[in-house]
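Visitor: Next up is a structure, given as structure tokens.
The values are calculated or read from the model by the stated rules, or taken from the named source; none is laboratory data. Keep in mind that this is a model prediction, so the values were computed, not measured. Methodologically, a virtual Cβ is constructed for each residue, glycine included, from the backbone with ideal geometry; neighbour enumeration extends over all protein chains shown. Protein only, heavy atoms only, side chains kept; ligands, DNA and RNA dropped before computing areas. Shrake-Rupley method; radii C 1.70, N 1.55, O 1.52, S 1.80 Å.
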Amino acid sequence: MVLVTDEDTNKVLGGGRIHKANRKNRLPIEEAVGYMDENIYKMVDDFTDVGTGEVAGVWNSFEVAGLGIGSIHLSTACMAYAKFVGITTLFGLAAPATYRNVLRGGFQVVTSLGNNGKFYYPKDDMTATVMFNHDVVNLPLAQDPQRTFVFEMREQAIYKQEALSKQGDTVNLTFHIPKT
């Protein structure tokens with residue numbers, strides 16, 4: 001679990017989780033799209049031995065929604081942490097609003113699933129795209145600044161960064177990424 005809190009008030013502002021595939025419990029992406037395309041099960045199984053998982057359940061509170069800083073930094077922290085729990089590849093299910101940020105993190109569309117990676121999810125009038133990052137350790141397809149942020153987060157016990165919101169406000173971010 002990754003939790004976003006306000007340092008002054010300890011109020012929870014967002015969160016997400018990383019699931020590691022283990023052949024006992026299905027990844028959320030398998031539950032989400034498996035009944036529409038069973039090939040997701042084989043794909044997850046093929047990568048389980050090298051350490052695959054999924055970034056899932058990324059959310060922001062109303063206080064930070066729309067600022068343009070929430071999901072991108074939360075997902076970046078998840079990618080930084082993934083290495084420390086033995087995950088080398090990651091799946092993700094991107095909504096249209098987060099699709100570009102997922103691409104920036106080095107993920108690619110899994111065109112062999114669904115309709116070129118797209119599924120009607122979580123309901124019939126919405127879509128989501130199955131994404132996959134083949135190398136979460138080295139991030140060769142990730143774009144800067146996210147790629148640099150991941151490597152810096154992995155090196156520093158406490159990583160601090162300033163982010164500019166869509167409204168032009170400076171937001172101070174502090175990341176605590178445990179190394180074990």
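Visitor: Determine the alpha carbon to alpha carbon distance for each of Lys83/Lys118; Lys20/Lys83; Lys20/Lys179 and list only those over 21 Å.
Guide: The pairs that break the limit, which is 21 Å between Cα atoms, are Lys83/Lys118.
Visitor: Using the alpha-carbon atoms, what tilt in degrees (0 to 90, nearest 10) does helix 70-82 show relative to the longest principal axis of the chain?
Guide: 70
Visitor: Would you mind calculating the relative contact order of the range 112-180 from Cα pairs under 8 angstrom and at least 6 residues apart, reporting the percent as a whole number?
Guide: 18
Visitor: Moving to a separate point now. Run through the range 2-79 and list the chymotrypsin sites (Phe, Trp or Tyr not before Pro) located in a DSSP loop whose Cβ has at most 13 other Cβ atoms within 10 Å.
Guide: Tyr35, Phe62
Visitor: On to the next question. Tell me which aspartates and glutamates have Cα within less than 16 Å of Lys160's Cα, excluding those fewer than 8 residues away on the same chain?
Guide: Asp6, Glu7, Asp8, Glu152
Visitor: Quick one: Debye curve from the C-alpha atoms of the chain, no solvent, what's log10 I(q)/I(0) at q = 0.11, 0.13, 0.14 Å⁻¹?
Guide: Those come out to -0.46, -0.64, -0.75, one per q.
Visitor: At a 1.4 Å probe radius, carbon and sulfur cover how many percent of the accessible area of the chain?
Guide: The nonpolar share, carbon plus sulfur, comes to 51 percent.
Visitor: Right, something else. For the range 21-107, report the translational diffusion coefficient in µm²/s to the nearest whole number, using Stokes-Einstein at 37 °C, 0.692 mPa s, and a Kirkwood Rh over Cα pairs.
Guide: Estimated diffusion coefficient is 236 µm²/s.
Visitor: Note down the relative contact order for the range 1-120 as a percent, whole number, built from C-alpha pairs under 8 angstrom at least six residues apart.
Guide: Relative contact order, the range 1-120: 27 percent.
Visitor: Could you calculate the FRET efficiency of Asn116 with Asp169 from 1/(1 + (r/R0)^6), where r is the beta carbon distance between them and R0 is 30 Å, rounded to 0.05?
Guide: Efficiency computed from Cβ-Cβ geometry: 0.20.
Visitor: Lys/Arg Cβ at +1, Asp/Glu Cβ at -1, dipole of the range 1-158 taken about the Cα centre: which of Val150, Met43, Thr111 is farthest positive-ward?
Guide: The residue sitting farthest along the positive end of the dipole is Met43.
Visitor: If the only charges are +1 at each Lys and Arg Cβ and -1 at each Asp and Glu Cβ, what is the size of the charge dipole of the range 82-143 around the Cα centre, to the nearest 20 debye?
Guide: The dipole magnitude comes to about 140 debye.
Visitor: Here's a follow-up. Give me the 1.4 Å probe accessible area per residue for the chain, excluding ligands and nucleic acids, in Å².
Guide: 56
Visitor: Right, something else. In whole Å, what are the Cα extents of the range 69-115 along the three principal axes, biggest one first?
Guide: Rounded to whole Å, the extents work out to 33, 26, 13 Å.
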